[in-house]
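Structure first, then comments.
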Amino acid sequence: MSAKTWTPTPARPAPANTVGFVGWARENLFATKFDSALTVFCAGLILYVLDVVFGWAIVDASFSGEDRNACLKQVQGACWPFIDAKLGQFIYGRYPEMERWRVDWVFALGLLGLVPLLMPKVGFKRANVIFMLGFYPLFSFFMLTGGSFGLVPVETSDWGGLLVTLVVAVTGIVGSLPLGILLALGRRSELPIVRALCVGFIEIFRGVPLITVLFMASVMLPLFLPDGVNFDKLMRCLIGVALFASAYMAEVVRGGLQAIPKGQYEAAAALGFGYWKTTRLIILPQALKLVIPGIVNTFIGLFKDTTLVLIVGLFDLLGIVQLHFTDSSWATPETHITGYAFAAFVFWVFCFAMSRYSIFMEKHLSTDPNQ
Amino acid sequence: MTDPVIRISDMNKWFGTFHVLRDINLQVAAGEKIVICGPSGSGKSTLIRCLNRLEQHQEGTIEVEGVSLDGSLKNLESIRSNVGMVFQQFNLFPHMSVLENCTLAPIWVKQKTKQEAEALARQFLERVRIPDQADKYPGQLSGGQQQRVAIARALCMNPDIMLFDEPTSALDPEMIKEVLDVMVELAEDGMTMLCVTHEMGFARQVADRVIFMDEGEIVEENEPEAFFSNPQNERTKMFLSQVLSH
């Protein structure tokens, strides 16, 4: 008796209308009559919005000119010369023009330090962190305020625009993460007094609006300080923003801490790790990774909340853009729309970048093969 | 019998108002293998968790290698690093590779250099038969492999005593054997072991003594041969008939 010989059936190509672009479109865009209708409707909507935006920002827009006359046309579009003329103000505020190179240096060095820090593959992380958290803040402080090393002093009341936005946001971000982590750990502490203090701090700062915190910091705080003791208004705002953001950060981090199973603490304890080593090596790396979306969410919220410093008389990017609407030599119907569009775009670029980076880090840090 | 490495006398423990361990007396000699069995809720896991103070007892004394475990203990960490523990749920650190799981404690608790720790880790991974998985993450391994990593991780601290808390209860039947094989080898090498398990075959093969617990008390203890063939207590007989009949 001879065994049957089995030959596998040769593979045939899939039907043409199920693969490639046609196959994709059939499956994703036109699978049912309702899907087709929805696809057509949404495509129309997208085209319409694009047409309006494109028409306003490009086709009907003015691109060059020295004053408002450039933007007074029959059909009104964006008044880009306004942005062009005011760009220096928008970036530096009233920082003296002769001294603006100092701000540029701070921006450039910050970028130079930040980019390699954000790229996981670039080495020297420890040196980079020391540079960015040790040297860079000092460098920026002396560079921007002046008064030493032969630099002309520049009052913080003359700072403005993107400079103020970035100073407030970066200090808030850098300050709130470690403070928030400590508060979150404190809130879960077994020591009742530490826990009570942290809960009190978090609930007070989370329970009041940022405007109140800023107002307290800039108007009320000096009343409590002894005569002659006064520190800079911007500095007070920085502290206020950082404390405010840290309360939110603490709750985000606590969410991550609560997601770590008890077994992780027990395994660490059984191996001889104490509280701080367990926290630093085993718990926090996992907890922070879990809440990256929440952390970045807080960062983005904080970045946009910096516009509220206007309430205490500091002019951030949005504040300074609004301030220049009152310039009569640029008074056109489109000036404020153009200004707001510009400010919105700048804020969007920063926030979108943070958002994308958070998604990148989530993927980079994932050790779960099922994702 | 040489001087016992573990000496428990008149030990009592409560969870809140619940009396979970009652008048426990137990001495374990160096190199002895003890299997603890009993129905769920009998306090067997709690008992071995008291030995590295993951749980704290309220009355009586526990001495591990001559050091009394009580609230005044200053160097709890160093005691713990001499007592290895393997958990039912493995409890590997998921954000670290297998090798990093094994080197973390030697580096940070025992201040070994990275090279020393890695050499040691590879040696123990070899011993639990997964040297080729060193660079993978725990999530990429099967349950049996993860538990063997957990054993290697504990061994990397060169413990004098190993505690096993139902090490095979969360595993598929096919994986139980690979973990038990590693534990048998460890026993043959002379490690002092306390093992909470329902694997009666393992108890027969390696245990010097089997302890049966119920309601927080040690009901019966004996050498495995006598324990299985001639249990003294009605409760033990009933338990064994349940466990051995299937």
Q | Shielding score for A:286-296, defined as the mean number of other chain Cβ atoms within 10 Å | A | 1
Q.
In whole Hz and in residue order, list the ³J(HN,Hα) couplings for the stretch A:123-139 that follow from phi through the Karplus curve 6.51 cos²θ - 1.76 cosθ + 1.60, θ = phi - 60°; x for Gly and Pro.
A. x, 6, 4, 5, 4, 4, 5, 4, 4, 6, 9, x, 6, 4, x, 5, 4
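Return the carbon/sulfur percentage of the accessible area of chain A, one whole number, probe 1.4 Å, all protein chains in place.
Working: 15230 of 21880 Å².
Using a 1.4 Å probe with all protein chains present, chain A comes out at 70 percent carbon and sulfur.
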**Q.** All-pairs Cα distance distribution in the protein assembly as shown, expressed in whole percent, bin size 20 Å
**A.** 15, 34, 28, 19, 5, 0
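Report the calculated FRET efficiency for residue A:297 and residue B:142 (r = Cβ-Cβ distance, R0 = 25 Å), to the nearest 0.05. Kindly include the intermediate steps, with their values, before the conclusion.
Working: r = 36 Å, r/R0 = 1.45.
E between residue A:297 and residue B:142, to the nearest 0.05, is 0.10.
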Q: Using only protein heavy atoms and a 1.4 Å probe, report how much of residue A:336 is accessible, in Å² to the nearest 10.
A: 80 Å²
(Q) Can you tell me what percent of all Cα-Cα pairs in the stretch A:106-180 are more than 16 Å apart? (A) 58 percent
(Q) How far apart, in nanometres, would the label points at residue A:45 and residue A:122 be if each is projected 7 angstrom from Cα along the Cα-to-Cβ direction? (A) 4.1 nm
Q: May I ask which residue of A:237, B:210, B:222 lies farthest towards the positive end of the charge dipole of the protein assembly as shown, with charges of +1 (Lys, Arg) and -1 (Asp, Glu) on Cβ and the Cα centre as origin?
A: A:237
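What number, in percent, do you get for the relative contact order of the stretch A:247-332 if the mean sequence gap of Cα pairs under 8 Å and at least 6 apart is divided by its residue count?
Over the stretch A:247-332, the number comes to 29 percent.
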Q: Quick one: give the max-minus-min coordinate of the C-alpha atoms of the stretch A:235-324 along each principal axis, largest first, in Å.
A: 63, 24, 15
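Using DSSP to call loops (not H, G, I, E or B), can you name the trypsin sites (Lys or Arg not before Pro) in the stretch A:121-158 whose Cβ has at most 12 other Cβ atoms within 10 angstrom?
Details: sites: A:121, A:125, A:126; in loops: A:121.
Of the trypsin sites (Lys or Arg not before Pro), the ones in loops of the stretch A:121-158 whose Cβ has at most 12 other Cβ atoms within 10 Å are A:121.
Fully extended, how many nm does the chain gain between residue A:19 and residue A:216 (0.36 nm per residue separation, minus their Cα-Cα distance)? Let's see the in-between values first.
Values: separation 197, 0.36 × 197 = 70.92 nm, distance 6.34 nm.
Using 0.36 nm per residue and subtracting the Cα-Cα distance, I get 64.6 nm.
Return the calculated 222 nm mean residue ellipticity for the protein assembly as shown, to the nearest 500 deg cm²/dmol, obtained by summing -39500 (n - 2.57) across DSSP H runs with n ≥ 4 and dividing by the residue count.
Working: 25 runs with 319 residues, N = 617.
Helix contribution divided over all residues of the protein assembly as shown: -16500 deg cm²/dmol.
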**Q.** Heavy-atom accessible area, 1.4 Å probe, ligands and nucleic acids excluded: residues of the stretch B:93-109 down by at least 20 Å² from chain alone
**A.** B:93, B:94, B:95, B:104, B:105, B:108, B:109
Q: State the Cα centre-to-centre distance between the stretch A:171-223 and the stretch B:140-179 in whole Å.
A: 44 Å
(Q) At R0 = 25 Å, how high is the FRET efficiency between residue B:226 and residue B:184 if r is their beta carbon distance? Nearest 0.05 is fine. (A) 0.75
Q. What residues qualify as long-range amide H neighbours of residue B:161, i.e. H under 5 Å apart, gap of 5 or more or another chain, H built at 1.01 Å from N?
A. B:84
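Report the FRET efficiency, 1/(1 + (r/R0)^6), for residue A:361 and residue A:27, where r is their Cβ-Cβ distance and R0 is 51 Å, rounded to 0.05.
Numbers: r = 32 Å, r/R0 = 0.63.
Calculated transfer efficiency: 0.95.
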Q: Rank A:339, A:217, B:101 by how far each Cα sits towards the positive end of the charge dipole of the protein assembly as shown (+1 on Lys, Arg Cβ; -1 on Asp, Glu Cβ) and give me just the farthest.
A: A:339
Q | Derived scalar couplings ³J(HN,Hα) [the stretch A:145-152; Karplus, 6.51 cos²θ - 1.76 cosθ + 1.60; whole Hz; x for Gly, Pro] | A | 7, x, x, 9, 6, x, 8, 5
**Q.** Two-decimal log10 I(q)/I(0) for the stretch A:82-365, as the Debye equation yields it once each C-alpha is a single scatterer, q = 0.08, 0.09, 0.10 Å⁻¹
**A.** -0.41, -0.51, -0.63
Q: Can you check what the net charge comes to around residue B:22, using other residues whose Cβ is under 14 Å from the Cβ of residue B:22 (Lys, Arg +1; Asp, Glu -1)?
A: -4
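Can you give me the accessible area per residue for the protein assembly as shown, using a 1.4 Å probe, in Å²? Don't skip to the end; give the middle numbers.
Values: 32560 Å² over 617 residues.
Accessible area per residue: 53 Å².
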Q. Based on the Cα atoms of the stretch A:171-238, what semi-axes does the equivalent ellipsoid have, where each is the square root of 5 times one gyration tensor eigenvalue, given in whole Å with the largest first?
A. 26, 14, 12
Q.
Could you compute how much accessible area chains A and B hide from each other, both sides summed, with a 1.4 Å probe? Nearest 100 Å² is fine.
A. 1900 Å²
Q.
Can you tell me which lysines have their Cα less than 22 Å from the Cα of residue B:44? Leave out same-chain residues fewer than eight positions away.
A. A:262, B:13, B:33, B:237
Q) Among A:103, A:348, A:193, which residue has its Cα positioned farthest towards the positive end of the charge dipole of the stretch A:82-365, with +1 placed on the Cβ of Lys and Arg, -1 on the Cβ of Asp and Glu, and the dipole taken about the Cα centre? A) A:193
Q: Please get the size of the charge dipole for the stretch A:176-267, origin at its Cα centre, with Cβ charges of +1 on Lys and Arg and -1 on Asp and Glu, quoted in debye to the nearest 20.
A: 160 debye
Q.
Keeping all protein chains in place and using 1.4 angstrom, which order do A:109, A:257 fall into by accessible surface area, from largest down?
A. A:109, A:257
Q. To the nearest Å, what is the center-to-center distance of the stretch A:37-110 and the stretch A:341-371, using C-alpha atoms only?
A. 24 Å
Q: Report the relative contact order of chain A, percent, no decimals, based on alpha-carbon pairs under 8 angstrom and at least 6 residues apart.
A: 19 percent
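Can you give the net charge of the other residues whose Cβ lies under 15 Å from the Cβ of residue A:86, counting K and R as +1 and D and E as -1?
Summing Lys and Arg as +1 and Asp and Glu as -1 gives -4.
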Q) Dipole size in debye (nearest 20) for the protein assembly as shown around its Cα centre, Lys and Arg Cβ +1, Asp and Glu Cβ -1? A) 1240 debye
Q: State the dimensionless ratio Rg/Rh of the stretch B:65-169 (Rg: radius of gyration of Cα atoms; Rh: Kirkwood radius).
A: 0.99
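The values are calculated or read from the model by the stated rules, or taken from the named source; none is laboratory data. The shown structure was predicted, so the numbers you read here are calculated from the model rather than taken from an experiment. Neighbour counts are summed over all protein chains in view; Cβ atoms, including those assigned to glycine, are modelled from backbone coordinates with ideal geometry. Just the protein is used for accessible areas: all its heavy atoms, side chains included, with ligands, DNA and RNA removed. Shrake-Rupley method; radii C 1.70, N 1.55, O 1.52, S 1.80 Å.
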